[in-house]
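Report on the structure given below.
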Amino acid sequence: MAMILPSSLAPSYRQCLQFGFSSADELLGRWVKAVRKSNKKVRVVPRVLFDGWSYQDYVSVFGSEDEIEELSDELVDVAKTEGFDGFTLELWSQLGGNKRKELAHLVKHMCETLKAKELDCILVIPPAVTSTGQPGMFGREEFEELAPVVDGFSLMTYDYSSGPRPGPSSPLPWIRDCVLQLAPNTQWRQKILLGVNLYGLDFSSLGTEPILGGR
């Protein structure tokens, strides 16, 4: 099954839970129609980025089953209105590894609601092992809890090296370690979607920049 995760929708807390939101992106809508015209089997699962939420916004949702249900229903409404096949949730890293149990509960409810309407639910997750060998913000416990309801885990196995530590972007031993830390057995391993970079980085004393086509 072909699946694409285009663009990023970034609704605020108020948009999600007070006023509703839509893609508000005419170009994205036209692009989705063009993709479907050329391939009717491809599933379009846009990324929903919760970057603009404050810590208090998350705490408010965590503490209210009504708000969790309202947020989940809003995602379904947007998917049906815009003709999406589900969503890719990008929210786990925003809290820096805190509130992991609450995040898991929220993700489980959103995914169950989407799947009940035959919509896909993908979760973006940070590496299970950091570049320094330390445990990451998402581990085997969360993976095994969410695997039954999440359709796929978009594993961010890239940007291994940074400005102070120049080197490879996605070294194979590290990628393998990240996968095996989450899924030492094969039961749910097929749900891991490896994020492999298709770009290079230029390390210099001035910082790190992507190497663009013009270079």
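Residues in the chain average 54 Å² of solvent-accessible surface per residue, probe 1.4 Å, ligands and nucleic acids excluded. Taking every DSSP beta bridge that has both ends in segment 64-215, the antiparallel portion is near 40%.
Summarise the accessible area of segment 137-185 (1.4 Å probe, protein heavy atoms) by the percent that is carbon and sulfur. Looking at segment 137-185 in its full context, I get 53 percent from C and S. Residues of segment 61-102 with an amide N closer than 17 Å to a point placed 7 Å from the Cα of residue 4 along the Cα-to-Cβ direction: 82-88. The magnitude of the dipole of segment 26-117, with charges of +1 and -1 set on the Cβ of Lys/Arg and Asp/Glu and taken from the Cα centre, is near 920 debye. FRET efficiency for the pair residue 38 and residue 98, taken as 1/(1 + (r/R0)^6) with r the Cβ-Cβ distance and R0 = 41 Å, rounds to 0.45.
Normalised by the residues of segment 81-159, what does the relative contact order come to in percent, with Cα pairs under 8 Å and at least six apart? Normalised by residue count, the contact order of segment 81-159 is 36 percent. Projecting the Cα atoms of 192, 139, 212 onto the dipole axis of the chain, where Lys and Arg carry +1 and Asp and Glu carry -1 at the beta carbon, places 212 farthest toward the positive end.
Short-range pairs are left out: with C-alpha atoms under 8 Å and at least six residues apart, the relative contact order of the chain is 15 percent. The alpha-carbon of residue 101 sits under 24 angstrom from the alpha-carbons of these lysines, leaving out residues fewer than 8 places away in its chain: 115, 191.
Could you work out the percent of alpha carbon pairs in the chain separated by over 25 Å, rounded to a whole number? Of all Cα-Cα distances in the chain, 44 percent exceed 25 Å.
The values are calculated or read from the model by the stated rules, or taken from the named source; none is laboratory data. Source: prediction; values computed, not measured. Here the Cβ is made from the backbone with ideal geometry for all residues, glycine too, and neighbour counts use every protein chain on show. Note: areas computed on protein heavy atoms with side chains; ligands, DNA, RNA excluded. Shrake-Rupley method; radii C 1.70, N 1.55, O 1.52, S 1.80 Å.
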